[in-house]
Amino acid sequence: MSDTNASRTADVPDFELRNVAAGPDTFSLAAAAADSDTDAIVLLFQRDYHCGNCRKQVQAVADRYGEFEALCASVVSILPESIERARSWQASYDLPFPLLADPNTDVSDAYDQPVRFGVLGSLHDLVGRMPVALVLDTRSGEPRVAYTYEGRMPADRPEIDDLLDEIRALRDD
């Protein structure tokens with residue numbers, strides 16, 4: 001089972017990244033959090049372009065994206081790759097939510113996305129970078145981490161139902 005923490009209140013780093021899917025060309029977390037129609041933002045930190053589990057995850061979320069929208073939540077996938085590779089994913093999957101390119105892994109690192117195998121893992125995301133999912137509570141306009149799921153293995157990710165349940169729990173507060 002992965003680490004979860006429903007009351008983590010650490011500062012949420014703001015960021016802007018290029019977006020190749022739905023939404024503005026440059027995605028700003030601050031702007032998304034200030035949107036009065038959005039109560040929560042789910043950030044999915046992916047491993048890399050080649051990761052089959054990452055690809056399955058974004059497709060599964062896309063298939064059920066209406067459920068997130070019904071809860072006034074948005075999903076953002078962050079790919080630690082170039083804009084060209086992110087565009088290739090978008091061409092394959094036509095995601096209805098932002099797909100952000102983080103080529104220098106600045107945002108992934110700011111959010112402490114775990115990397116295994118030391119220097120080797122930091123040089124090759126395929127073996128080192130682990131998936132992370134965060135649910136941010138944005139009801140106040142200032143994002144707050146409400147839920148964190150850190151994968152311990154490449155295939156270790158939260159179930160979509162678990163993410164939706166976390167968003168529902170926010171709404172019940």
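FYI, it's all coordinate maths here, none of it is from the lab. None of the values given here were measured: they were computed from a predicted structure. Cβ placement follows ideal geometry from the backbone for every residue including glycine, while neighbour counts extend to all protein chains displayed.
Counting only DSSP H runs of at least 4 residues, each contributing -39500 (n - 2.57), and dividing by the residue count of the chain, the helix-based mean residue ellipticity at 222 nm comes to -9500 deg cm²/dmol. Highest mean packing comes first when the peptides 24-37, 55-68, 145-158 are listed by Cβ atoms within 10 Å, giving 145-158, 55-68, 24-37. Within the shell defined by Cβ-Cβ distances under 14 Å, the residues around ASP161 carry a net charge of -3, with Lys and Arg each +1 and Asp and Glu each -1.
Its alpha carbons give the chain an Rg and a Dmax of 14.7, 43 Å.
Seen against the Cα atoms of the chain and their longest principal axis, helix 52-63 is set at about 30 degrees.
Can you put SER92, SER82, SER108 in order, fewest other beta carbons within 10 Å first? Before the final figure, lay out the partial values.
Numbers: SER92 11, SER82 15, SER108 22.
Listing SER92, SER82, SER108 from fewest to most nearby Cβ atoms yields SER92, SER82, SER108.
Working from label points 7 Å from Cα in the Cα-to-Cβ sense, the ASN53 to SER82 distance is 2.7 nm.
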